[in-house]
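Asker: Below: one structure in structure tokens.
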Amino acid sequence: MFTDSHCHLNYPELAANMANIRSAMHDAKVMRALVISTKMETFEDVHSIALQYDNFWCTVGVHPDEEGVIEPNFEDLLSKSSRSKVVGIGETGLDYYRLGERNVSEMEWQRNRFRTHIKVAQASRLPLVIHTRNASEDTLKILMEEGEDGSTNSVGGVFHCFTENEYVARRALELGFYISFSGIVTFKNAKELKEIASWLPLNRLLIETDSPYLAPAPHRGKTNTPAYVPFVAQHIAELRGISVEEVAKASSENFENLFKNINLSTISNELSK
């Protein structure tokens, strides 16, 4: 049984097709999914999806690349983090990819937002869902400064849709984080990512779709859905020389260990509904 640890089922192209998406998940043996919040304006939509289905959960947070949106504050994030089916904080982090005419020093608003999310994660004892793009040095630095150093007081979390280099992967592991691979790992030009997926400790590995984006080969270019996460698992299994069942089992157990109180036994036959 597979678990999609990161998807955006509230996005219009998926939300309007939920019955078919869930049917395809059932056929692909994808038994669980975590629906990720990217801004406060749409959190209620994300949360309602999690509440509607026994095998969906959600996070609360604001994506680092979202500008001109409601800025999350500590009190609001913390309040929403206590709601039923909310199991993580994020996605949060840093993204310097679209700087435009700005420089990194002008992105302090992103760094402040990231710190707020970390503080809420520590207060709620919920793990962080980290997004980092062209900003790994600052991402790691801020995590350390805020006490996310792998110590017993850290909440940890996951570096989702990992696309960084080996150094960042090893530092993330040292800080107590999991690493999640998306369909990008199946792309032909993702050579360094494939190498990381081949040696990463199996007990720190998650898989995801980041749907509706980044559909894995052989479906690249199509609208991604949680039903495609087995293709990510299959590719990782081939890289490691193990069975896809081993990857499915390990990544699902890791999902349970990271996002507490999530267990297959609570799902029953929900996907058949």
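The values are calculated or read from the model by the stated rules, or taken from the named source; none is laboratory data. This is a predicted model, so every value here is computed, not measured. Here Cβ is always computed from backbone atoms with ideal geometry, including for glycine, and neighbour counts include all displayed protein chains.
Asker: Is it the case that the range 160-176 has a residue that's farther than 21 Å from residue 148 by Cα and of a type in the set (Phe, Trp, Tyr)?
Answerer: Checked the range 160-176: no residue is farther than 21 Å from residue 148 by Cα and of a type in the set (Phe, Trp, Tyr).
Asker: Something else now. Which condition number in (1) closer than 30 Å to residue 227 by Cβ; (2) out of contact with any Ser or Thr (no Cβ under 8 Å at 6 or more places or on another chain) is the one that residue 95 fails?
Answerer: (2)
Asker: With the range 34-148 as the region, which strands (runs of 3 or more DSSP E) entirely inside it contain at least 2 residues that are among the hydrophobic types (A, V, I, L, M, F, W, C) and touching a Lys or Arg at 6+ places or on another chain (Cβ under 8 Å)?
Answerer: Where strands (runs of 3 or more DSSP E) fall fully within the range 34-148 and carry at least 2 residues being among the hydrophobic types (A, V, I, L, M, F, W, C) and touching a Lys or Arg at 6+ places or on another chain (Cβ under 8 Å), they are 56-60, 86-95.
Asker: Now for a different question. List pairs: first residue in the range 217-231 and within 17 Å of residue 11 (Cβ to Cβ) and at pLDDT 95 or above, second residue part of a loop (DSSP other than H, G, I, E, B) and charged (D, E, K, R) anywhere in the structure, Cβ distance under 8 angstrom, at least six positions apart or on different chains.
Answerer: If the second residue must be part of a loop (DSSP other than H, G, I, E, B) and charged (D, E, K, R), the pairs left are 224/210; 229/208.
Asker: Check off (1) surrounded by 14 or more Cβ atoms within 10 Å (Cβ to Cβ); (2) in contact (Cβ under 8 Å) with a residue 40 or more places away in the chain for residue 45 and give me the number that stays unchecked.
Answerer: (2)
Asker: Would you point out which residue out of 196, 179 is assigned to a helix (DSSP H, G or I) and of a type in the set (Val, Ile, Thr)?
Answerer: Answer to the selection: 196.
Asker: Could you grab me the full set of residues in the range 2-22 that are touching a residue at least 60 places away in the same chain (Cβ under 8 Å) and either surrounded by 14 or more Cβ atoms within 10 Å (Cβ to Cβ) or among the small types (Gly, Ala, Ser) (or both)?
Answerer: Those that are touching a residue at least 60 places away in the same chain (Cβ under 8 Å) and either surrounded by 14 or more Cβ atoms within 10 Å (Cβ to Cβ) or among the small types (Gly, Ala, Ser) (or both): 2, 3, 4, 5, 6, 7, 8, 9, 11, 14, 21, 22.
Asker: Would you mind finding the one in 162, 187 that is over 13 Å from the mean Cα position of the chain (by Cα) and of a type in the set (A, V, I, L, M, F, W, C)?
Answerer: 187
Asker: Out of the range 183-210, which residues are among the small types (Gly, Ala, Ser), under 21 Å from residue 249 (Cα atoms) and either in contact with a Ser or Thr (Cβ under 7 Å, 6 or more places away or on another chain) or surrounded by 15 or more Cβ atoms within 10 Å (Cβ to Cβ) (or both)?
Answerer: Across the range 183-210, the qualifying residues are 183, 197.
Asker: Name the single residue, out of those in the range 156-180 being touching a helix residue (DSSP H, G or I) at 6+ places or on another chain (Cβ under 8 Å) and surrounded by fewer than 21 Cβ atoms within 10 Å (Cβ to Cβ), that is nearest to residue 250 (Cα to Cα).
Answerer: Selected residue: 173.
Asker: Being among the small types (Gly, Ala, Ser), under 21 Å from residue 155 (Cβ atoms) and part of a helix (DSSP H, G or I): is that true of residue 24 here?
Answerer: In short, no.
Asker: In the set 70, 89, which member is in contact with a helix residue (DSSP H, G or I) (Cβ under 6 Å, 6 or more places away or on another chain), surrounded by fewer than 19 Cβ atoms within 10 Å (Cβ to Cβ) and within 19 Å of residue 119 (Cβ to Cβ)?
Answerer: None of the other options fit; the residue is 70.
Asker: Just give me the residues in the range 149-176 being closer than 19 Å to residue 91 by Cβ, β-branched (Val, Ile, Thr) and part of a loop (DSSP other than H, G, I, E, B), in sequence order.
Answerer: The answer is 155, 163.
Asker: In addition: Could you grab me the full set of residues in the range 199-212 that are over 22 Å from residue 8 (Cα atoms) and either assigned to a loop (DSSP other than H, G, I, E, B) or of a type in the set (Gly, Ala, Ser) (or both)?
Answerer: Matches in the range 199-212: 200, 201.
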